[in-house]
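The values are calculated or read from the model by the stated rules, or taken from the named source; none is laboratory data. Worth saying up front: this structure is predicted, and the values here are computed from it rather than measured. Neighbour counts run over all protein chains shown; Cβ positions are idealised from the backbone, glycine included. Just so you know, the surface numbers come from the protein's heavy atoms only, side chains and all, with ligands and any DNA or RNA stripped out. Shrake-Rupley method; radii C 1.70, N 1.55, O 1.52, S 1.80 Å.
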Amino acid sequence: MNRKRILLGVVLLVVFGAVCYLYGGHSAPKGQPPLVRFSSGDVTPLKTAFNASASSTRVLVMLSPT
């Protein structure tokens, strides 16, 4: 009985997270440049944006689904 409740809680949490991710919107806070999705074929916009802010701290995060 206890395992079933834990499993149900985990499933509900995953479903809630997926709904928030898909329908919650993807926008940047005010004062921050808008979010950009890059493709692996053209990294010129990424290079330009990265080099444009040479005087500030820069962080590059790459996420992969695999």
Hey, can you tell me all the residues within the range 14-39 that are surrounded by 10 or more Cβ atoms within 10 Å (Cβ to Cβ) and among the aliphatic types (A, V, I, L, M)? Val14, Val15, Ala18, Val19, Ala28
Can you find, within the range 48-66, the residue that is modelled with the highest pLDDT among those that are assigned to a helix (DSSP H, G or I) and surrounded by 10 or more Cβ atoms within 10 Å (Cβ to Cβ)? Ala52
Filter result (of a type in the set (Gly, Ala, Ser), more than 17 Å from Leu60 (Cβ to Cβ) and at pLDDT below 85) within the range 4-47: Gly24, Gly25, Ser27, Gly41
Given the conditions (1) open to solvent by less than 100 Å² (accessible area, probe 1.4 Å); (2) out of contact with any helix residue (DSSP H, G or I) (no Cβ under 8 Å at 6 or more places or on another chain); (3) at pLDDT below 80, every one holds for Met1 apart from (1)
Test set (1) open to solvent by less than 80 Å² (accessible area, probe 1.4 Å); (2) in a loop (DSSP other than H, G, I, E, B) - Val11 fails condition number: (2)
Within the set of pairs 6 or more residues apart or between chains, which connect a residue that is farther than 24 Å from Gly25 by Cβ inside the range 35-64 to a residue that is loosely packed, with under 10 Cβ neighbours inside 10 Å and not hydroxyl-bearing (Ser, Thr, Tyr) with Cβ atoms less than 8 Å apart? Phe50/Leu60
